[in-house]
Structures are given as structure tokens and as C-alpha cells.
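Notes follow once the structure below has been shown.
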Amino acid sequence: MKKKIVLGIYGFCLSLVTLAQSPTWSGGIAEIIYKNCTGCHHTGGSGPFSMMSYNQTFNNRTSIKSVVSQKIMPPWPPDINYSQHAFSRALPAQDIEAITRWIESGAQSGDLAKAPLPPVYNDAAGFIKDPELSISIPAYTLSSSQDEYRCFIDSTSLKKDMWMTALECIPGNAEIVHHVLIFKDNSERGFTMDSRDAGPGYVCFGSSGSSSAELIAAWVPGAQPFSLPKGFGVKLNAGTNIIIQVHYPGGFKGKTDQTKIKLRLTEAPQREAYLVPALNHETSMVNGPLVIPANSKKTFTEKFVTPLSFSLIGVAPHMHLIGSSIKTWAVGPDQKEIPLISIPEWDFHWQGIYQFPTIKKIPAGSTLFSEASYDNTSSNHHNPNFPPKEVRVGEATTDEMMLTYFLFALYQNGDEKIIIDSSASLVSGASDIRLEKRNVSLSPNPSGSQSQAVLSFKSSAQDKVTISIFNLQGKQLYRHTESYPDSGVQSSLLTPGPLATGIYLIKTQGRNWTSSLKWVVI
């Protein structure tokens, strides 16, 4: 049932934008879907993503209303009332209301003859179009019905030191890939182990098999491409080898996978970023060990005291199938709580590295905490065992884990002012607090790179309106100010022109009002 709903809502997110809206809905539902669902299509599968027709969407309207109103889709597990995170897919309350009203009023299509051509998404192509480095593992066919951990090593042949600023993992067969860990390694040990194993790659249960390897990125179901804030990177020394560890769960013997990764690299020195499971079930458990008896519910706590001040970019909680909730926070030396992330309804199928709108300073001497609950009863429909069996810590899908990865750099003065998600930061800027929030519309949105878009807004009498365009790093790319003597609905023509394909923020501000919206250029 869940898979059906997921596929249905994905089609919903991408198909409603193809509908020409009636005057009542002109620019409404289409804008909501485009600005909030961009990126939801990337599921880690392969091949072009197909659209649902209007008729299919109409036939699924009851399910669509249900999952949107329950906030199941678009998928965004973190509790937005506990802590804010960058690039949120959560629908605002007014958008949920608009979608619900549209469905309850009959889900009218409008004039389909005026529908724009729908965008085409190809998960096999991925988001990073021109990577400086691309690595594909050899085609590997599972030889066992049990869990397999397989490592594949590749020489980057880098002639000089480089810095990785973004990485995208594209599973070759999303059906059989449980997770992917990517390591950098300056030693040749991986090649030695590879030469001793008859098949492609080598067995590497739980890790890379090389003590000198360092984790630099990970992919889990639901994860989006991994990108670091401007000025930060992971250093790859000249001649660095890349080890890709893939976990294949049991039950897929004979299936074949060819996972690949794409890396964005630069020669310009960056600040070193690290990805470390500072809270884990091995060294930081308070009330362990991690054992959940059959037909029981248990809660565990982990903690770790930080020896240095660090700049926290993001966090990534990780559990398996019987996990039910997880919450991570820090308590500073001043005993004030720093909320990091809370996922009240854990879903193994939707995970990721959740970055913050701005970098968070974690002072030296702070204590990191994590609290996770597990439901090993028959009422947990994710439970892999019926009847339930005792579950212990382990690497298999049917085992359990309790990890929180921290993506961070060593703190430098002023880091907490660094913007990661300009749309979140600018919308909530202090200068906007006393300004009226007004709605603006942009049509079409997304816009083709060679097309034009019309920005419409209501001005006040004797208004002076400034339109600014920012990229997701907070850099202003365009600014234009115009005066309007009379109040009323105004419009301004925007041309994507030199803008690259991607997501931008348009901020429109009058004398006593402001508005922000996302602009998608395709």
C-alpha cells in the first residue's frame, strides 16, 4: 500500500503542473506543486521518470488528499517545529489547504489545451551533469541469498590535490541497494583485498576493510545529492583511491547492480569538512547494549562531550526497520539546549543528511545527546519478523543500529553567520519581521532557460518595489527597483538568460511588505 501511495503522490507532484488552470486556480496549484515538489522525483531509481495523466491524477485524488493532509508526502520526516533544516520539502500550511480545497471542489483541470509541456526527469542522468570525476562500479551480480557487503575500489588518478564540494550517488538497481558508503583511502590495501577475491570487488562486512580509509559521504534510501556550503570541501590528495561499499540485503540472489557516483571537484583550497558518527551504539551508549527483546518497546540514550568548538553543517540519524523515533540535540556549557533534529515517526525508506539554514556553532565542552525508541512488536508494520524476534545491533537489514552522523568543520569566528539555504534565511530575516507578507506569483514556474516568466504582485500607492534574485548560496545575481505611483496588481518580466539550470530565490519587497518564492529554471 505504501509503495502505491508514494508512486501516486510522485505522479501528483509532477503531473498537476501540466494542467492549464481555470481562472479561479490560475497560477495557484501549479505554482504550489512546482515550487515545493522540485527534487521529490529523485528516488534513486533509473531511467526517465514518467508522468501521470490528468485522469490518473483525478482518479488518485482521494489518496492525494490523504497523504498531503497527513504530511506523509512530500516526504519530510524532521519535525519542523523542533528545528529548521535547509531545503525543506515540507508543504506550508497554506499550500496544504489550497491542494485540499482544489480536490474538495472537484479537482477541475482547466483548459488542457493550454497546458505547458511537462518537464522530464531522468534519475539515471542524475543532478550533477558535468562532474569532474565519475566512478562506476563493475556490474556485480549477487551470488547469495544472504546480506552482502561488497567493496569496489577505484584509483582516481588525481595528479594534484583536489577538494570535493558535492557528491551524487546513483544506485544502479535501487531495488537491491540498502546503502552506500564512500571512503577516501591513500593506501593500496583495497587493491590487495580486491586481488584476493575472485569476483568484482571484495567482501567488506561493515566497513571498507582498510584502517586508513576515511568516510566522506553516504547514500541511504531517500537521500538527495550531497553538497557542501560554499567554501567547504573534503580534501582528496593526489593519487587518492575511492572505495565504494555497497550493502545488498538478502533475498535478491541473481540480481545485478552497477552503482555509480559523481563528484564535483575544485583545485581551490577549501575548509576541511568531516562526516563522523559521533553518537553511535558502540562508544556513546548510556543504557546499552542495543538489544530489543521480542514483543517489547525500548528507548536508548547516547551522549558525547565535544573537546573542541565546531561548526555544525548538518546531521544524519540512522536506524533500521524497528526504529520508531529519534531525537538529537546538544547542551552547551551554559546549559542551554541546542535543538538539532527530531524525527517523531522514523521511516527507514526516507533518510538523508539534513543541513541547517545557517551553520550552528557547538561550543567546546558541549554534550551531544541522542534518544531513540524502537518498536519490536507486531503493531510495527515495518517489523521484518512475524512473529517478532529479539533484535540486536548488527549490519544486516534485520539487525538494528543507532547512529547520528555529524557533518562539521572546526569552528572559526563568525561561522554561525554563514548561510546554507538562502531561501530559509532570507524569508525569516530580521529586517522583514515588521513587514507585511504578501503573495506574489510567477508564471510559468519552472521556466525554460530560453523563455520568459511574468512576476505578478500587488503594490501599494506610491510604492517602491525591489526585485532581487539569489542563488542557494545567498549570492545576489539580480536586483531591480521600480516606483509605482498607483496601487494595484503590477507585473515584471524576468528572463532566465544566463542562469544555469537550478533553483533560485526571488525576493520582492515594497515599502511596507515583502515576499519570497522559489524559481525553478529548467
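A simple rule links phi to the HN-Hα coupling: the Karplus curve 6.51 cos²θ - 1.76 cosθ + 1.60 with θ = phi - 60°, which for region 440-457 gives 10, 10, 9, 9, x, 8, x, 10, x, 4, 9, 9, 10, 10, 9, 9, 10, 7 Hz, with x for Gly and Pro. Using the Stokes-Einstein relation with a Kirkwood hydrodynamic radius computed over Cα pairs, the translational diffusion coefficient of region 332-471 at 25 °C and a viscosity of 0.890 mPa s comes to 118 µm²/s. The calculated FRET efficiency for residue 238 paired with residue 481, based on their beta-carbon distance and R0 = 30 Å, is about 0.05. Accessible surface for residue 135 stands near 10 Å², nearest 10, in the context of the full protein assembly shown (1.4 Å probe). Please give the FRET efficiency for residue 161 paired with residue 230, using the beta carbon to beta carbon distance and R0 = 22 Å, rounded to the nearest 0.05. My answer for the efficiency is 0.70.
Taken over region 135-266, the alpha-carbon convex hull comes to 94 cubic angstrom per residue. Karplus-derived 3J(HN,Hα) values for region 512-519, using 6.51 cos²θ - 1.76 cosθ + 1.60 with θ = phi - 60°, are 9, 8, 8, 7, 9, 8, 7, 10 Hz; glycine and proline are entered as x. In this structure the amide hydrogen of residue 513, modeled in the peptide plane, comes within under 5 Å of the amide hydrogens of 436, none closer than 5 places in sequence on its chain. Once both labels are positioned 7 Å from their Cα atoms along Cα-to-Cβ, the gap between residue 79 and residue 55 label points is 4.5 nm. Extension gain, residue 335-residue 175: 0.36 nm per intervening residue step, less the Cα-Cα distance, totals 53.1 nm. How charged is the neighbourhood of residue 75? Take every other residue with its Cβ under 10 Å from the Cβ of residue 75, and add Lys/Arg as +1 and Asp/Glu as -1. Surrounding charge for residue 75 is +1.
On full extension, the segment bounded by residue 417 and residue 203 gains 72.6 nm, given 0.36 nm per residue less the C-alpha separation.
In loop segments of region 263-300 as defined by DSSP, the GluC sites (Glu not before Pro) with at most 10 further C-beta atoms inside 10 Å of their C-beta are 267. Going by accessible surface with a 1.4 Å probe and the largest first, 303, 262, 230, 298 read 230, 303, 298, 262. Computed over region 380-420, the quotient of the alpha carbon radius of gyration and 2.2 N^0.38 Å is 2.11.
Peptides 102-108, 396-402 ranked from most to least packed by the mean count of surrounding Cβ atoms within 10 Å: 396-402, 102-108.
With a threshold of 32 Å on the Cα-Cα distance, the over-threshold entries among 262/361; 159/303; 361/389 are 159/303; 361/389. Label positions at residue 390 and residue 256, each projected 7 Å from the Cα along the C-beta direction, are separated by 4.3 nm. Length gained on full extension, residue 471 to residue 134, computed as 0.36 nm times the residue gap minus the Cα-Cα distance: 118.8 nm. The phi torsions of region 375-382, fed into the Karplus equation with coefficients 6.51, -1.76 and 1.60 and a -60° offset, translate into couplings of 10, 9, 10, 5, 6, 7, 6, 8 Hz, rounded to whole numbers, with Gly and Pro shown as x.
The values are calculated or read from the model by the stated rules, or taken from the named source; none is laboratory data. A quick note: this is a predicted structure, and the numbers were derived from the prediction, not measured. Because the Cβ atoms are built from the backbone with ideal geometry, glycine has one as well, and the counts that use them run over all protein chains shown. Remember, those area values only see protein heavy atoms, side chains included, never the ligands or the DNA or RNA. Shrake-Rupley method; radii C 1.70, N 1.55, O 1.52, S 1.80 Å.
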